[in-house]
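*Asks:* Let me give you the structure first, and then I'll get to my questions.
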Amino acid sequence: ENTDPILRIGHDGKLLYSNEPGRKIIDDWKTAVGGDVPQDIRDFVSSVLRINHYREKEVSLDTTHFTLRFVPRRDQNYVNVYGRDDTEQKQAELDLIEAKQAAEAANIAKSRFLATISHEVRTPMNGVMGMLELLKKTPLSDKQHSFTENAYRSGRSLLTLINDILDFSKIESNKLKLEHVPFNIKDTIDDVLRIVAEDAKRKRLNLVTEIPDINPLLVGDEQRLRQVLINLIGNAVKFTEKGNVIVRLTKTAEYKTGIQLKFEISDTGIGITPEALPFIFNDFTHQDDSTTRKFGGTGLGLAITKQLVNMIGGEIHVDSTPNVGSS
């Protein structure tokens, strides 16, 4: 026995037939077999007969939802209407929409909270760093100097984490604005190398640069490019115990309005496993827990780097072989 509604409606809007399950619908239409259907249904029937192709219409009655398929029989001047009760499917769709909205709202709240708390923490942290810098300049015993240096290094790591979280929150809430200012690309690279040189020297790594003879004066967001390079070169130094870190710059295209550059940062470090490679630019991603324990970090560096590169209009890719190195 068919539990789905089946109706037949003539070209003039007269209801020609309804099975028992169809009663629910025609009662809502306030009509019966031989009577007229509502004007909107009559117009719908006319359009289906005119185009001679089936069309679907959704109908909600109290707690039930139907999808009605109007199939034309133009040679006989009527349409057959086949109903399908998809109340559960519709409810599932509504539940999904609600869940998505709730998740988005929670995500926005999380980003706001992270941004606020990071901002609040950064201010006193800058004060601590300032005091430690002043302390380093006072007469200290070797032991005191070592303690101060360790505290300063820990503070710097903490500030990096705080800045990562702040940037991530800003990018998520579309509050990060790009600048358009003149800068010297060679100076930018030199500055970045100076920042990472100390760590490279301590690990006895060769820090090599290959920069072509190009006009170094460019216009763009120098601060964000610097951030990308610090992240990538810093990572290369962090994950390399011996060998080289090479920073290579090549000009890949030149247009009337701009220039396209390719930065390649290669290392002879621990590399990335094939399983981890597809997820390396995801938020809060490390290869595994041991990586976090050994090297630290939020796992946000590469996620932020990818988002910044995309914002600037670039692309980022990675090639890697475990225990051989990454590029």
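*Asks:* For the stretch 1-59, which chymotrypsin sites (Phe, Trp or Tyr not before Pro) are in a loop by DSSP, counting at most 14 other Cβ atoms within 10 Å? The partial results should precede the final answer.
*Replies:* Numbers: sites: 17, 29, 44, 54; in loops: 29, 54.
Passing sites in the stretch 1-59 are 54.
*Asks:* Next question. Out of every Cα pair in the stretch 47-190, what percent are spaced more than 17 Å from each other?
*Replies:* Every Cα pair in the stretch 47-190 considered, those over 17 Å come to 78 percent.
*Asks:* Counting only protein heavy atoms, what percent of the accessible surface of the stretch 134-268 is carbon or sulfur at a 1.4 Å probe?
*Replies:* Here it works out to 52 percent.
*Asks:* Find the centroid of the Cα atoms in the stretch 128-142 and in the stretch 65-111, then give the distance between the two in whole Å.
*Replies:* 67
*Asks:* Quick one: accessible area per residue over the chain, 1.4 Å probe, rounded to a whole number of Å²?
*Replies:* Per-residue accessible area for the chain comes out at 62 Å².
*Asks:* Below 8 Å, C-alpha to C-alpha, sequence gap of six or more: please give me the relative contact order for the stretch 170-256 in percent. Please list the in-between numbers first.
*Replies:* Values: 85 pairs, mean separation 34.8, N = 87.
It comes to 40 percent, rounded to a whole number.
*Asks:* Also, quick follow-up: How high is the relative contact order of the stretch 63-220, in percent, counting Cα pairs under 8 Å that sit 6 or more residues apart? Spell out each step's value before the answer.
*Replies:* Details: 99 pairs, mean separation 27.7, N = 158.
Reported relative contact order: 18 percent.
*Asks:* Taking θ as phi - 60°, what are the ³J(HN,Hα) couplings along the stretch 150-158 by the Karplus curve (6.51, -1.76, 1.60), each to the nearest whole Hz, with x for Gly and Pro?
*Replies:* 5, 5, 5, 5, 4, x, 5, 4, 5
*Asks:* Would you mind computing Rg(Cα) / (2.2 N^0.38 Å) for the chain, counting N as its residues?
*Replies:* Its radius of gyration relative to the 2.2 N^0.38 Å reference: 1.65.
*Asks:* Structure shown: which of 201/306; 143/238; 90/177; 143/306 lie over 30 Å apart, alpha-carbon to alpha-carbon?
*Replies:* 90/177; 143/306, as the Cα separations exceed 30 Å there.
*Asks:* How high is the relative contact order of the chain, in percent, with contacts defined as C-alpha pairs under 8 Å that are six or more residues apart?
*Replies:* 10
*Asks:* If you take every DSSP beta bridge fully contained in the chain, what fraction is antiparallel? Give it as a percent rounded to 5.
*Replies:* Among the beta bridges of the chain, antiparallel pairing accounts for roughly 90 percent.
*Asks:* Find the centroid of the Cα atoms in the stretch 6-49 and in the stretch 216-237, then give the distance between the two in whole Å.
*Replies:* Going from one Cα centre to the other spans 68 Å.
*Asks:* Tell me, what HN-Hα J-couplings in whole Hz come from the Karplus equation 6.51 cos²θ - 1.76 cosθ + 1.60 at θ = phi - 60° for each residue of the stretch 56-71, using x for Gly and Pro?
*Replies:* Values, residue by residue: 10, 9, 9, 10, 10, 10, 6, 9, 10, 10, 10, 10, 9, 9, 8, 10 Hz.
*Asks:* Which ³J(HN,Hα) values, rounded to whole Hz and listed in residue order, are derived for the stretch 205-212 from phi using the Karplus coefficients 6.51, -1.76 and 1.60 in 6.51 cos²θ - 1.76 cosθ + 1.60 with θ = phi - 60°, glycine and proline given as x?
*Replies:* Here the 3J(HN,Hα) series is 8, 7, 9, 10, 10, 10, 10, x Hz.
*Asks:* Also, I was wondering about something else. Enumerate the lysines that residue 14 could reach by cross-link, defined here as Cα to Cα under 23 Å, with residues fewer than 8 away along the same chain left out.
*Replies:* Filter leaves 24, 30, 57.
The values are calculated or read from the model by the stated rules, or taken from the named source; none is laboratory data. In this text, all values refer to a predicted model and were calculated from it rather than measured experimentally. We place every Cβ from the backbone using ideal geometry, glycine too, and count neighbours over all the protein chains shown. Heads up: the accessible areas ignore ligands, DNA and RNA and are worked out on the full protein's heavy atoms, side chains in. Shrake-Rupley method; radii C 1.70, N 1.55, O 1.52, S 1.80 Å.
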